[in-house]
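What follows is one structure encoded as structure tokens, with my remarks underneath.
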Amino acid sequence: MAPEWSPQRRITPELAADVIAAQFPELADQDVRAFDAGWDNAVLAVGERWLFRFVHREIAVDGSRRELAVLSRISELPLPIPRPRFVGRPTPEVPWPFWGAERLPGTELAASGLADRAEVAAALGGFLRELHDPARLAQVGAGALPVDPIGRADPARQALRAEQRLTSIARGADDTDVRDRADDLLVRSAPLRRAALRLAPGRGRVLVHGDLHGRHVLVEGSSPTGVIDWGDTAVSDPAVDLMVAWASFGPADRAVFWEAYGRDDAGRRLRARATALNVCSALAEQAAADGRVEIAAEAFAGAARACDD
């Protein structure tokens, strides 16, 4: 079977260049090259200034439209976010949404090798405090956003998905070390999964990023430079975003994060841990399959932190 994240439509640099040149003539002379790819989008660099996101799985179409709406409407936040500048029209060759924004500086936190993350933790805690302000919903038109569309605020669902993913890795990975780490996490995560199965879904209603982990936080040196990839933005419980406290930070830096965020709720923290376990397991599964050793190590470490809190 093809991996869950396999693109349904491949966006090559040549195809992207043709579509971009036809719709945005001012970019026609720019070099177009592959930059990155996630579960739902291919990212192409256009020249040195612009990045374009092309949906390559149909399941992400609605999310891309919400992403565009939120990023176009939301006012300034404590960290930079992408601001759509070029919004494409569907074509027979590219039938799903695509858009371009100015490239934010930095590299993914998950791939940065950064050990001391206190500065990032403080900035991200403050960022989420602002993002989760109920007033943000009025800015973006909350009525057009779904409530927790992929069940990230449901700890039981997250726990079950995490178990399935870790089992799949343990049974299917070619790398013995990867299989062993997945097996170890299945054992270590059992208490968290049992607790999550007894916990009701979160009912908070704030604007959330929806997929906040170390691949979607950019850094230069020890400083954060942006928060990217808003394709899962929605209305949900804050725990959906608070998973990053475990996905990206150890105990000391996590304390800095919570101080900056300034809100505490034991049930919400447990829901956030269950979400972190599932999301980090998914990241580890993809990274291990794609040979992204540093991303896989970061993802496994995040899952372990969620278990050990």
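The values are calculated or read from the model by the stated rules, or taken from the named source; none is laboratory data. Since the model is a prediction, treat every value here as computed from it, not as a measurement. In this analysis, Cβ positions are derived from the backbone assuming ideal geometry, glycine residues included, and neighbour counts consider all displayed protein chains.
Take residue 7 and tell me if it is closer than 20 Å to residue 229 by Cβ, surrounded by 14 or more Cβ atoms within 10 Å (Cβ to Cβ), of a type outside the set (Gly, Ala, Ser) and modelled with pLDDT of 95 or more. Full working, then the answer.
Working: closer than 20 Å to residue 229 by Cβ: yes; surrounded by 14 or more Cβ atoms within 10 Å (Cβ to Cβ): yes; of a type outside the set (Gly, Ala, Ser): yes; modelled with pLDDT of 95 or more: no.
Taking the combined requirement at face value, the residue does not satisfy it.
Quick one: how many residues across region 17-41 are of a type in the set (Gly, Ala, Ser) and either touching a Phe, Trp or Tyr at 6+ places or on another chain (Cβ under 6 Å) or within 14 Å of residue 100 (Cβ to Cβ) (or both)?
4
Within region 259-293, how many residues are in a helix (DSSP H, G or I), among the acidic types (Asp, Glu) and at pLDDT below 95?
2
Only one residue in 58, 48, 67 is in contact with a Gly (Cβ under 9 Å, 6 or more places away or on another chain) and more than 13 Å from residue 19 (Cβ to Cβ). Which one?
67
Hey, among 85, 66, 136, 117, which residue is in contact with an Asp or Glu (Cβ under 8 Å, 6 or more places away or on another chain), closer than 26 Å to residue 35 by Cβ, of a type in the set (D, E, K, R) and buried (at least 17 other Cβ atoms within 10 Å of the Cβ)? If you could, list the steps in order and put the result at the bottom.
On the way: 85 fails: buried (at least 17 other Cβ atoms within 10 Å of the Cβ); 66 fails: in contact with an Asp or Glu (Cβ under 8 Å, 6 or more places away or on another chain); 136 fails: closer than 26 Å to residue 35 by Cβ.
Just a single option satisfies the conditions, and that option is 117.
Scan region 170-210 for residues that are crowded, with 24+ Cβ neighbours inside 10 Å and either under 17 Å from residue 246 (Cα atoms) or β-branched (Val, Ile, Thr) (or both) and jot them down.
Matches in region 170-210: 185, 189, 196, 208, 209, 210.
Every residue in region 62-94 that is without any contact (Cβ under 8 Å) to a residue 40 or more places away in the chain, of a type outside the set (D, E, K, R) and either under 15 Å from residue 208 (Cα atoms) or not in a strand (DSSP E or B) (or both), please.
Selection gives 68, 72, 90, 92.
Given 214, 151, 202, which one is part of a loop (DSSP other than H, G, I, E, B) and at positive phi?
Numbers: 214 fails: at positive phi; 202 fails: at positive phi.
Answer to the selection: 151.
Within region 8-24, track down each residue that is of a type outside the set (A, V, I, L, M), out of contact with any Asp or Glu (no Cβ under 9 Å at 6 or more places or on another chain) and not in a helix (DSSP H, G or I).
Selection gives 10, 12, 24.
On the given criteria, is residue 125 of a type in the set (Gly, Ala, Ser) and at positive phi?
Against the criterion (of a type in the set (Gly, Ala, Ser) and at positive phi), residue 125 does not qualify.
Is it true that residue 53 is farther than 29 Å from residue 125 by Cα and among the charged types (D, E, K, R)? Steps first, answer last, please.
Details: farther than 29 Å from residue 125 by Cα: no; among the charged types (D, E, K, R): yes.
For residue 53, the condition - farther than 29 Å from residue 125 by Cα and among the charged types (D, E, K, R) - is not met.
Against the definition (in contact with an Asp or Glu (Cβ under 9 Å, 6 or more places away or on another chain) and in a helix (DSSP H, G or I)), how does residue 306 come out, yes or no? Break it down stepwise before answering.
Working: in contact with an Asp or Glu (Cβ under 9 Å, 6 or more places away or on another chain): no; in a helix (DSSP H, G or I): yes.
Spelling it out, it is not the case that residue 306 is in contact with an Asp or Glu (Cβ under 9 Å, 6 or more places away or on another chain) and in a helix (DSSP H, G or I).
Those residues that are hydrophobic (A, V, I, L, M, F, W, C), surrounded by fewer than 20 Cβ atoms within 10 Å (Cβ to Cβ) and within 10 Å of residue 125 (Cβ to Cβ), I need them from region 257-283; list them, please.
258, 260
Assess whether residue 166 counts as being more than 20 Å from residue 237 (Cβ to Cβ), of a type in the set (A, V, I, L, M, F, W, C) and modelled with pLDDT of 95 or more.
Working: more than 20 Å from residue 237 (Cβ to Cβ): yes; of a type in the set (A, V, I, L, M, F, W, C): yes; modelled with pLDDT of 95 or more: yes.
Yes: the conditions hold for residue 166.
Here are some residues: 232, 253, 241. Which one is touching a Leu at 6+ places or on another chain (Cβ under 7 Å) and either surrounded by 24 or more Cβ atoms within 10 Å (Cβ to Cβ) or modelled with pLDDT of 95 or more (or both)?
On inspection, the qualifying residue turns out to be 241.
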